[in-house]
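Visitor: Please see the structure below; I have some questions.
The values are calculated or read from the model by the stated rules, or taken from the named source; none is laboratory data. Worth saying up front: this structure is predicted, and the values here are computed from it rather than measured. Cβ placement follows ideal geometry from the backbone for every residue including glycine, while neighbour counts extend to all protein chains displayed.
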Amino acid sequence: MVSRFRKIIQAGWGILTNGYAAGFLPGGPTLYSGPLKHFCVPGMNCYSCPGALGACPIGAVQAILDGRHRGFPFYVLGYLAMAGLLAGRFICGWLCLFGLIQELLYRIPTPKIRVPDRADRILRYLKYVVLAVLVIGIPLVYRTELGLGVPAFCKYLCPVGTLEGGIPMAILQDSLRATLGALFRWKVFLLILCVLASVFIHRPFCKYICPLGALYSLFQKVSLVRMNVDTGVCIDCGACGEACPMNVVPCREPNSPECIRCGECTEVCPVKALSFRPAGKRKNCKEEMSG
Amino acid sequence: MKKEVPARVTVILLAIAAGCCVFGWMNGEAHAVFVKAASICLECIGLG
């Protein structure tokens, strides 16, 4: 029930934030350039997608850092901090189109791969390295001969830009198609790798690469949306851990930085010990009885 | 169960984040975001 409802929200949000239909017309106006582009969407969504109505937050951070604006990105980081503090990685689970695409790919009936725990734990730190080096470090430090920075994450790694921006633009615009080169081939290779990995591993991009997920995970323990384990009710059966697609054990670490708040665990818990609730509203039958 | 971060800490952090957002907006950052987002970013889509 939660899963189906979540898919509807994810798809609806994806359509809503990429609803500029005129952008998809061949030879028509290329990108939406109205006032909504002043605002970032909370999830990964390339602003060069023909239908995009908002700005990509990770692209926006790099745009501010890369030397053209020459300043600390107060606006974008303030916005991302607000989003993280309000919802944490709930955004990853419910408001990210690329997350939905990966989940749909994972539904293709094939044998699935469970990354060994040790490798999984190490690989999860990769997204923080991507955030620190490609999103912040290189755009901030490196300058071309023209004195401009390089949006390293968008340029060399981001498969979302290739899927939502690069490929549609190359299809729709003859002039752009003529410029396709080694960089585009590299990015298409990465996209194919990401698509194939998503068939066998649940949300591999979100788990190991996504810098936006890394940023939101920093706010997970202080965000308003939190998960509650009623320790007076929990029988520690492990059902929540087995159901968790992000390999978290919610009854032991309900506010893990890796939890995307998909709600699968709340569905399978036989005693309904897990629930979402706002910060400061902790429910614990054991404490209530002893108090 | 580990002790949780109190809700008032979240509210204080939210107020600081909102302040940063407003400061950045007044400093013209939203316009810089708009300029970047309203035109095709060739680098972002692998054509640059």
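Visitor: Please work out if B:Ala32 is assigned to a helix (DSSP H, G or I), small (Gly, Ala, Ser) and closer than 15 Å to A:Gln62 by Cβ.
Guide: Yes.
Visitor: Now for a separate question. Can you run down the residue pairs with Cβ atoms below 6 Å, 6 or more apart or on separate chains, where the first is in region A:246-273 and outside the structural domain of A:Ala87 (by TED's automatic domain parsing) and the partner is aromatic (Phe, Trp, Tyr) and modelled with pLDDT of 95 or more?
Guide: Correct list of pairs: A:Arg261/A:Phe90.
Visitor: Looking only at residues in region A:228-239 that are within 12 Å of another protein chain (Cβ to nearest Cβ) and out of contact with any helix residue (DSSP H, G or I) (no Cβ under 8 Å at 6 or more places or on another chain), which one is surrounded by the most Cβ atoms within 10 Å (Cβ to Cβ)?
Guide: We begin by selecting, within region A:228-239, every residue within 12 Å of another protein chain (Cβ to nearest Cβ); these are A:228-232, A:234.
Checking the rest, the ones that are also out of contact with any helix residue (DSSP H, G or I) (no Cβ under 8 Å at 6 or more places or on another chain) come to A:228-229, A:234.
Values: A:Asn228: 20, A:Val229: 24, A:Cys234: 20.
So the residue we want is A:Val229.
Visitor: Is it true that B:Ala18 is at pLDDT 95 or above, surrounded by 14 or more Cβ atoms within 10 Å (Cβ to Cβ), facing another protein chain (nearest Cβ under 7 Å) and under 25 Å from A:Leu36 (Cβ atoms)?
Guide: So B:Ala18 passes the test.
Visitor: If you don't mind, there's one more thing I want to ask. I'd like the full set of residues that are crowded, with 24+ Cβ neighbours inside 10 Å and either among the aromatic types (Phe, Trp, Tyr) or at pLDDT 95 or above (or both), limited to region A:61-75.
Guide: Answer for region A:61-75, where residues must be crowded, with 24+ Cβ neighbours inside 10 Å and either among the aromatic types (Phe, Trp, Tyr) or at pLDDT 95 or above (or both): just A:Tyr75.
Visitor: Can you tell me which of B:Leu13, B:Leu42 is more than 12 Å from the chain's Cα centre (by Cα), more than 29 Å from A:Leu183 (Cα to Cα) and surrounded by fewer than 21 Cβ atoms within 10 Å (Cβ to Cβ)?
Guide: B:Leu13
Visitor: So, one more: Could you check A:Ile58 against (1) crowded, with 22+ Cβ neighbours inside 10 Å; (2) among the β-branched types (Val, Ile, Thr); (3) assigned to a loop (DSSP other than H, G, I, E, B) and say which number it fails?
Guide: All conditions are met except number (3).
Visitor: Just to confirm my filter: which helices (runs of 4 or more DSSP H) fall fully inside region A:148-216 and include at least 1 residues that are under 26 Å from A:Pro116 (Cβ atoms) and more than 9 Å from chain B (Cβ to nearest Cβ)?
Guide: A:182-200, A:204-208
Visitor: Mind checking whether some residue in region A:127-141 is out of contact with any Leu (no Cβ under 9 Å at 6 or more places or on another chain) and part of a loop (DSSP other than H, G, I, E, B)?
Guide: Checking region A:127-141: not a single residue is out of contact with any Leu (no Cβ under 9 Å at 6 or more places or on another chain) and part of a loop (DSSP other than H, G, I, E, B).
Visitor: Counting only residues that are farther than 25 Å from A:Cys262 by Cβ and in contact with a strand residue (DSSP E or B) (Cβ under 6 Å, 6 or more places away or on another chain), how many does region A:36-75 have?
Guide: Adding up the residues that qualify gives 4.
Visitor: Just checking, does region A:34-55 include any residue being part of a loop (DSSP other than H, G, I, E, B) and among the hydroxyl-bearing types (Ser, Thr, Tyr)?
Guide: Within region A:34-55, one or more residues are part of a loop (DSSP other than H, G, I, E, B) and among the hydroxyl-bearing types (Ser, Thr, Tyr).
Visitor: From the list A:Tyr79, A:Tyr125, A:Tyr75, exactly one residue is among the aromatic types (Phe, Trp, Tyr) and farther than 14 Å from A:Pro57 by Cα. Which is it?
Guide: Unique residue meeting the criteria: A:Tyr125.
Visitor: I would also like to ask the following. Condition (residue is more than 14 Å from chain B (Cβ to nearest Cβ), touching a Leu at 6+ places or on another chain (Cβ under 7 Å), not in a loop (DSSP other than H, G, I, E, B) and not hydroxyl-bearing (Ser, Thr, Tyr)) applied to region A:84-107: is it met by at least one residue?
Guide: No, the conditions are met nowhere in region A:84-107.
Visitor: While we're on this one: Collect the residues in region A:111-165 that are among the aromatic types (Phe, Trp, Tyr) and surrounded by 14 or more Cβ atoms within 10 Å (Cβ to Cβ), keeping them in residue-number order.
Guide: A:Tyr128, A:Phe153, A:Tyr156
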